[in-house]
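Undergrad: The following block contains the structure, expressed as structure tokens.
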Amino acid sequence: MRVNWFLMLACILASLYAWQQDPNWADQNLVFSLNNFYAGRVWTLVTALFVHASWEHLLGNLPFLFVFGNTLEKMIGRNNHLLVFFLGGFTSFLLPPIIGIYSPDTGMLGASAAIFTLAAIVMLMSPLKFSWLFLAPQGLVAIIYFVLNVALVYAPSVIPGYDPSVAYIAHVIGFTVGIPFGIAWSLHWKKNLVISLGLFSIYLVILALLGALAGIQTPFGVF
């Protein structure tokens, strides 16, 4: 059985457990913050990867973990899969408050940043792998969400749906963590990057044409 299924199950069970607890206790013992970490609650670095804030948060992440996680584990094996999942998640939690982007008391939780790490590697290893869940090549899905999050970091007012409670910068960091692994594990990463960029360009052209026909401006479409 793939370890990715256990990661998904851990997200579900940890979230259900957290939602039954007193919110203040959960914030101190399950959610990551630099203050919690410095206070010796180092386990929150792990628990926060699986605990989610709501059903919407959880159900928003699980399809992406299912698609990118299962694809990547088939290619690199369970040990490497776990390595990049946790490394991407840990880095995305630790780096923003350490360099001053977030205050030390900012709580962070959810698997999305770690999933971005997986997505970046898939993009550089197998961009044309088709996802029937998203009805699109996985390299395209990965680069759309990366570009969207970069845009939300630098120009949040331009993109509809901006949510100040979402750590978009952590998503960008998670994706960035995955890039050197994708390069190391792919013999054709340059070609795969070009393929992903090409798919994204085609997506933008199609989106612009549909937007012009419908009279609607939607820079990143329905993704």
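The values are calculated or read from the model by the stated rules, or taken from the named source; none is laboratory data. Not measured: the values here are computed from a predicted model. Neighbour counts are summed over all protein chains in view; Cβ atoms, including those assigned to glycine, are modelled from backbone coordinates with ideal geometry. Protein only, heavy atoms only, side chains kept; ligands, DNA and RNA dropped before computing areas. Shrake-Rupley method; radii C 1.70, N 1.55, O 1.52, S 1.80 Å.
Undergrad: All but one of (1) over 17 Å from the mean Cα position of the chain (by Cα); (2) free of Cβ contacts under 8 Å to residues at least 40 places away in the same chain hold for Ile159; state the number of the condition that does not hold.
TA: It fails just one condition, (2).
For every residue, the table says whether it meets (1) within 18 Å of Ser131 (Cβ to Cβ); (2) over 15 Å from the mean Cα position of the chain (by Cα); (3) surrounded by 24 or more Cβ atoms within 10 Å (Cβ to Cβ).
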| site | (1), (2), (3) |
| --- | --- |
| Leu82 | no, no, no |
| Gly88 | no, no, yes |
| Thr91 | no, no, no |
| Leu95 | no, yes, no |
| Asp105 | no, yes, no |
| Leu109 | no, no, yes |
| Ala113 | no, no, yes |
| Thr117 | yes, no, yes |
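Undergrad: Leu148 - would you say it is of a type outside the set (Val, Ile, Thr), under 15 Å from the mean Cα position of the chain (by Cα) and open to solvent by less than 50 Å² (accessible area, probe 1.4 Å)?
TA: In short, yes.
Undergrad: Here's a follow-up. Which one of Ser112, Ser131, Ser126, Ser157 is over 24 Å from Trp55 (Cα atoms) and at pLDDT 95 or above?
TA: Going through Ser112, Ser131, Ser126, Ser157 in turn, the sole match is Ser126.
Undergrad: Given the residues Pro127, Pro63, which is the only one that is in a helix (DSSP H, G or I) and within 17 Å of the chain's Cα centre (by Cα)?
TA: Going through Pro127, Pro63 in turn, just one is in a helix (DSSP H, G or I) and within 17 Å of the chain's Cα centre (by Cα): Pro63.
Undergrad: Check whether at least one residue in region 47-58 is free of Cβ contacts under 8 Å to residues at least 40 places away in the same chain, within 16 Å of the chain's Cα centre (by Cα) and assigned to a helix (DSSP H, G or I), and report yes or no.
TA: Taking every residue of region 47-58 in turn, at least one turns out to be free of Cβ contacts under 8 Å to residues at least 40 places away in the same chain, within 16 Å of the chain's Cα centre (by Cα) and assigned to a helix (DSSP H, G or I).
Quick grid of which residues meet (1) within 24 Å of Ile98 (Cβ to Cβ); (2) open to solvent by 70 Å² or more (accessible area, probe 1.4 Å); (3) free of Cβ contacts under 8 Å to residues at least 60 places away in the same chain; (4) not in a loop (DSSP other than H, G, I, E, B):
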site	(1), (2), (3), (4)
Pro164	yes, yes, yes, no
Ile179	yes, no, yes, yes
Leu197	no, yes, yes, yes
Ser201	no, no, yes, yes
Leu207	no, no, yes, yes
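Undergrad: Does Ile99 satisfy being open to solvent by less than 40 Å² (accessible area, probe 1.4 Å) and free of Cβ contacts under 8 Å to residues at least 60 places away in the same chain?
TA: When the stated conditions are applied, Ile99 does not pass them.
Undergrad: For region 10-42, enumerate the residues that are of a type in the set (A, V, I, L, M), under 18 Å from Glu56 (Cα atoms) and open to solvent by 20 Å² or more (accessible area, probe 1.4 Å).
TA: Ala10, Ile12, Leu13, Ala14, Leu16
Undergrad: Follow-up. Take region 51-80 and flag every residue that is within 20 Å of Leu187 (Cβ to Cβ) and open to solvent by 40 Å² or more (accessible area, probe 1.4 Å).
TA: Hits for region 51-80 are Lys74, Met75, Asn80.
Undergrad: Same structure, new question: Taking region 127-142 as the search range and keeping residues that are out of contact with any Leu (no Cβ under 7 Å at 6 or more places or on another chain) and among the aliphatic types (A, V, I, L, M), which one is surrounded by the most Cβ atoms within 10 Å (Cβ to Cβ)?
TA: Looking at residues that are out of contact with any Leu (no Cβ under 7 Å at 6 or more places or on another chain) and among the aliphatic types (A, V, I, L, M), I get Ala142.
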